[in-house]
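Have a look at the structure below before the remarks.
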Amino acid sequence: MKQNYFLLLLLTNAFLFGQTPGSESPVMTVDATIPYQGYDEPSPLLGSAQYKIYYDNVDGVLDKPIFLIDGFDPNDSRDIPAVYALLNYGNTGLNLGDLVRDEGYDLVVLNLEASYASPTDGTMLMGGADYIQRNAFTFIELINTINSMKVGAEQNVVIGPSMGGLISRYALRYMEQNMMDHDTRLHISFDAPHRGSNVPIGMQYLFNYLVNGTPNITEAEPLVNGLLNSPAAKQMLIDHYLGHVGANGVNQDNSVHTPKGAPNFRDAFQNELDAMGFPQNTRNVAITNGSGVGQMTGTPGMELINHTFDMGTIEVGGVSVYSQINTVVNFAPAANETSEVSNFIGQIRLFSFLPWTTVLEFDASAQSTASSDGLDSAPGGQFDLYAFDDGSNPLIADFFNNLNSQYFSFIPTLSGLAIDNQPNWYANPDLSNSPFANTYLPTDNEPHMTLTPGNAMFAMDEILQGTLGTMDYLKAHTIKLQKNPVHNSMTLLSSTDFTEAKISIVDLTGKLVLNTQTSLSKSTTIPINLETGLYLVNIQTENGFVYNTKLMVK
């Protein structure tokens, strides 16, 4: 009996506490225990998602979890490895997930599936485009699951890219408000739409007309009913075509042309989120891909596309005729102006030598508020329109091949920073009005969810909890950096004089960038000439003392 008990104890410890360093768990399912009833749903439903644990590369013990939450993904185009790949940066194959695992952290990736049957009653839900609240409740269950498995007292870190930033924000704050311990110290919002997101209203009008209007082009149906009309999109989009169309769901209602969200969705969600606020027991920081100095993507009112598409021959009343369509889409106009943002003309002719006859027409206009130019060209994380074209449909490929701009502003900079007292989307952000304790903003607009060496090192600095210069963390050492980050020099403080200290610095690719020997006294300044980034410092003294730390160069 004792032998069996001892064997069981060994197996239990191996399963819970010991994995091979660098190993991965199988893909597992987590089902929410808190149901959510959407604005248009008759009853509450439980959510579900997939997750996988990537154990650290040091000891393989689940003791320092970092959660990475999938963002808006209506077609589940990102599986778990693709969500992990969101942490790639630079041109040398570096990955933030790999770096933190080298530091002993475990990465827990949550993936939102395209569709799944609710554990409640089998109702099919949209997963990566479902209600943000329901996905948040699923994430709460994952936090509880991992907290019950982890070893030690290390608190969690949460990284929320895009909509994942809203899901995680909501989940953490909900847990606090309902006396649930999330045991989390750091929340990193990564280009998340805290004040909403944007898709050009002209594109919305056009695609809705093509799908739900007379043309009835089914190839574009996923862009409308699968993307624009998903619960999450209706919660996040600042301007949604459903806020402007009449009873038939297609033609524009002339009552409101200024930005308006989806009825019963947008305002309800934003009001709830604002009332909740941010998690109070975490350090909240933000990375945006939107410019911090007012750089635009295009200009207000610019022509996004103006192209005539050859639609080949079609049957009209049993007669084969030639057909073509002309589409024009413009960005939203300058402040306080009204202009046409969408125009569609469908034409036919019986013979090629005859003039074209217009048989279908559609147009829609937009008005910008007096306080701001239109959202489409505002400083912000950019949406890559080419990503819509997977090559499977010639018509869609033709549309995107004829765009005049590859990008539009998707997550306005002010939204990524949760600055809610500035009505001008083009204003340079006043960080004193942002609720975040620390922020990273690029000079140039970047594609949405782009990780760069700069913002990756910002995240690394936050995750390492002060190992880049916090004196309390380093006080046990007899050598420490006076400050971190540094610029042209680093100053070492030593409680002991050393006559022969070997100092080396390597970058994150392992390349040796500094190798010198010097004496160390109470304060020693060493000149450096290094590119911006994160480096590893190694110091070895004549009496065998070894000191390692990370160095951030600005």
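The values are calculated or read from the model by the stated rules, or taken from the named source; none is laboratory data. The structure presented is a predicted model; accordingly, all values stated were derived computationally and were not measured. Positions of Cβ are backbone-derived with ideal geometry, glycine not excepted, and every protein chain shown enters the neighbour counts.
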Legend entry - When residues of segment 212-229 are limited to those that are within 19 Å of PHE265 (Cβ to Cβ) and of a type in the set (A, V, I, L, M), the one surrounded by the most Cβ atoms within 10 Å (Cβ to Cβ): LEU228
Legend entry - Wholly enclosed helices (runs of 4 or more DSSP H) of segment 188-276 bearing at least 3 residues more than 30 Å from GLN347 (Cβ to Cβ): 231-236, 266-276
Inset, instruction - Scan segment 356-382 residue by residue and report those that are closer than 25 Å to VAL250 by Cα, in a strand (DSSP E or B) and out of contact with any Gly (no Cβ under 6 Å at 6 or more places or on another chain). - result: THR357, THR358, GLU361, PHE362, ASP363, ALA364, SER365, ALA366, GLN367
Inset, instruction - Identify, by number, the condition in (1) part of a helix (DSSP H, G or I); (2) farther than 30 Å from LEU186 by Cβ that MET296 doesn't meet. - result: (1)
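One line per residue, one yes/no per condition, for (1) of a type in the set (Lys, Arg); (2) at pLDDT below 95:
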residue	(1), (2)
HIS244	no, no
ALA247	no, yes
GLY261	no, no
ARG266	yes, no
PRO279	no, no
GLY312	no, yes
Inset, instruction - Filter segment 436-458 down to residues that are in a loop (DSSP other than H, G, I, E, B) and among the small types (Gly, Ala, Ser), then give me how many there are. - result: 1
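Each row is one residue, and each column tells you yes or no for (1) out of contact with any Gly (no Cβ under 6 Å at 6 or more places or on another chain); (2) among the hydrophobic types (A, V, I, L, M, F, W, C); (3) not in a loop (DSSP other than H, G, I, E, B).
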residue	(1), (2), (3)
LYS52	yes, no, yes
ILE66	yes, yes, yes
PRO74	no, no, no
VAL83	yes, yes, yes
GLY97	yes, no, yes
VAL100	yes, yes, yes
ALA114	no, yes, no
ALA136	yes, yes, yes
GLU141	yes, no, yes
Inset, instruction - Determine whether segment 423-435 contains at least one residue that is outside any loop (DSSP other than H, G, I, E, B) and of a type in the set (A, V, I, L, M, F, W, C). - result: yes
Inset, instruction - Please indicate, with yes or no, whether at least one residue in segment 164-175 is polar (S, T, N, Q), at pLDDT 95 or above, under 25 Å from LYS234 (Cβ atoms) and assigned to a loop (DSSP other than H, G, I, E, B). - result: no
Inset, instruction - Please give the number of the condition TYR386 fails out of (1) among the aromatic types (Phe, Trp, Tyr); (2) closer than 24 Å to GLN295 by Cα; (3) crowded, with 19+ Cβ neighbours inside 10 Å. - result: (3)
Inset, instruction - Would you tally the residues in segment 476-521 being among the small types (Gly, Ala, Ser) and surrounded by 20 or more Cβ atoms within 10 Å (Cβ to Cβ)? - result: 2
Inset, instruction - Evaluate segment 97-118: report whether one residue or more is farther than 22 Å from MET276 by Cβ, surrounded by fewer than 17 Cβ atoms within 10 Å (Cβ to Cβ), among the polar types (S, T, N, Q) and modelled with pLDDT of 95 or more. - result: no
Legend entry - Any chance ALA153 is more than 24 Å from LEU385 (Cβ to Cβ), crowded, with 24+ Cβ neighbours inside 10 Å and without any contact (Cβ under 8 Å) to a residue 60 or more places away in the chain: no
Inset, instruction - For ALA233, indicate whether it is free of Cβ contacts under 8 Å to residues at least 24 places away in the same chain and within 25 Å of GLU141 (Cβ to Cβ). - result: no
Inset, instruction - Only residues that are more than 22 Å from ASN91 (Cβ to Cβ) and β-branched (Val, Ile, Thr): list them for segment 500-554, please. - result: ILE503, THR516, THR518, THR524, THR525, ILE526, ILE528, VAL537, ILE539, THR541, VAL546, THR549
